[in-house]
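The values are calculated or read from the model by the stated rules, or taken from the named source; none is laboratory data. It should be emphasised that the depicted structure is a prediction, and the values quoted were computed from it without experimental measurement. Heads up, the Cβs are rebuilt from the backbone with ideal geometry, glycines too, and the neighbour counts pull from every protein chain shown. Side chains included, ligands, DNA and RNA excluded: accessible areas come from the protein's heavy atoms. Shrake-Rupley method; radii C 1.70, N 1.55, O 1.52, S 1.80 Å.
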Amino acid sequence: MTTLRVGVIGCGAIAVNRHLPEYRDNSRVKLVGVCDAKEARVQDVAKTYGIRAYTRWEDMLLEQELDAVSVCLPNRFHGPVSTAALWAGKHVLCEKPMAVSADEAEAMIAAADEAGRVLMIAHNQRFFPAHIRAKQLLHSGRLGAVLQFRTTFAHGGPEQWSAEGMQSWFFNEQDAFVGALGDLGIHKADLIRWLLEDEVVEVSAMLRTLEKAANVDDNAVCLLGMRSGAVGTLTASWTHRPGEDDTTTLYCEHGILHIDPHAEVPLHVLYEDGTEEKIAIPDEAQAHNSRVVDEFVDAVLSSRSPAISGRDGYASLRVILAAVNASREGRRVTL
């Protein structure tokens, strides 16, 4: 296979702003179709890309000219639709969180294994140039082991960019399962696991709905304990105004590493002897491409495991599920 024939299921903001244009711009992809339950919306998108429109994902999966799909639906559909697509012989790139339960995640992984298809979860923060450079610095050993950390992802809420505004599925527990924690916090759970090459083994958390007209959390604060013994905080918020906070600080044996991937100079290192290092990222590395689609396409066409496998996605999802239980039950949860 030299060209991947792809369909996109769901025409919300993440599909329109990320998946569809990134597939279009990849020379090894042929976009075949797009699906959304709202006919007017899917017809508009299909016309833009000159591809076939579907209103039922089940019909799309019957398309023989289709090798792979992106699943860009509300959270509660991620698991069942991805599993059905895998059993239908399609490779799957699924948005995060990959599922709303452990059972669904395990079913996805089993389907991918048994069908011999690639399952990748769209945790894009691993591909940020600043995060890649930060991991290289950690690997160099100059800072020693990470002892403590704090990582935050916060903005004013999905109503600012989602297709339905305040009527978005993001605010509905039935569709979303969790709020800011599943939208933003799971990115940071995945990032910490990847940066530290470590796993979360203990979680305490407080999930609150402080402002939004929603029945999911708009703020979450988690305390994480890692297998290595490192401890830290993970916070997610939909009530951060103005602007956005997408930062991570690592307190290490021999200094402090602060990461702000969207800053002009995204890495700031303060060594224990008082010296400082500020690390810029070349402009060309900041191109507007999440690299998620490119990684998925290359993994499929190269017959290799993707950077964020189903098992990776499940490990990060387990942190979120533990945080929900910890907050609900008022106790520390051990993984």
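Each of Glu264 and Glu277 was given a label point 7 Å from its Cα along the Cα-to-Cβ line. The distance between the two points is 2.2 nm. For the stretch 1-156, the ratio of Cα radius of gyration to the globular rule of thumb 2.2 N^0.38 Å stands at 1.18. What separates the Cα centres of the stretch 295-314 and the stretch 172-191 is a distance of 22 Å. With 10 Å bins beginning at zero, the pair-distance distribution over Cα atoms of the stretch 282-335 amounts to 20, 28, 25, 20, 6 %. Hull volume per residue, based on the alpha-carbon atoms of the chain and their convex hull, is 136 Å³.
Comparing Leu195, Leu62, Leu224 in a Gaussian network model of the chain, where Cα atoms under 10 Å apart are tied by springs, the biggest mean-square fluctuation is seen for Leu62. By the rule of a C-alpha distance below 21 Å, with chain neighbours fewer than 8 residues away ignored, the lysines paired with Lys278 are Lys135. Modelled spin labels at Gln160 and Arg332, positioned 7 Å past Cα toward Cβ, are 3.5 nm from each other. Between the C-alpha center of the stretch 124-142 and that of the stretch 94-113 there is a gap of 27 Å. For the options Thr239, Thr151, Thr248, a Gaussian network treatment of the chain with springs between C-alpha atoms closer than 10 Å singles out Thr239 as fluctuating the most. In the stretch 192-287, the inverse of the mean reciprocal separation of distinct Cα atoms equals 15.8 Å; this is its Kirkwood hydrodynamic radius.
Summed over the residues of the chain and divided among them, the accessible surface reaches 43 Å² per residue at a probe radius of 1.4 Å.
With kT/(6 pi eta Rh) evaluated at 25 °C and eta = 0.890 mPa s, and Rh the Kirkwood radius from Cα pairs, the stretch 124-167 diffuses with a coefficient of 181 µm²/s according to Stokes-Einstein. Applying 1/(1 + (r/R0)^6) with R0 = 41 Å to the Cβ-Cβ distance of Lys38 and Arg241 gives a FRET efficiency near 0.85.
If R0 equals 45 Å, the separation of the Cβ atoms of Ser305 and Glu173 corresponds to a calculated FRET efficiency of about 0.85.
Between Gln148 and Met1, the simple label model (points 7 Å from Cα in the Cβ direction) yields a spacing of 4.8 nm. Computed over the chain, the per-residue total of -39500 (n - 2.57) for DSSP H runs of n ≥ 4 gives a 222 nm mean residue ellipticity of -9500 deg cm²/dmol, rounded to 500. If you take the Cα centroid of the stretch 230-265 and the Cα centroid of the stretch 38-86, the two points sit 35 Å apart.
Look at the Cα gyration tensor of the stretch 81-218: its axes a ≥ b ≥ c give a/c of at least 1.5 with a/b at or below b/c, and that counts as oblate. Of all the accessible heavy-atom surface of the chain, with the other protein chains kept in place and a 1.4 Å probe, what percent is carbon and sulfur? Carbon with sulfur: 49 percent of the solvent-accessible area.
Residues considered: Val231, Val100, Val203. Largest GNM mean-square fluctuation over the chain, using C-alpha springs under 10 Å, is found at Val231. The C-alpha atoms of the chain define a longest principal axis, and helix 129-140 lies at about 50 degrees to it. Annotation note: GluC sites (Glu not before Pro) in the stretch 1-80 located in DSSP loop regions with a Cβ neighbour count of at most 14 within 10 Å are Glu65.
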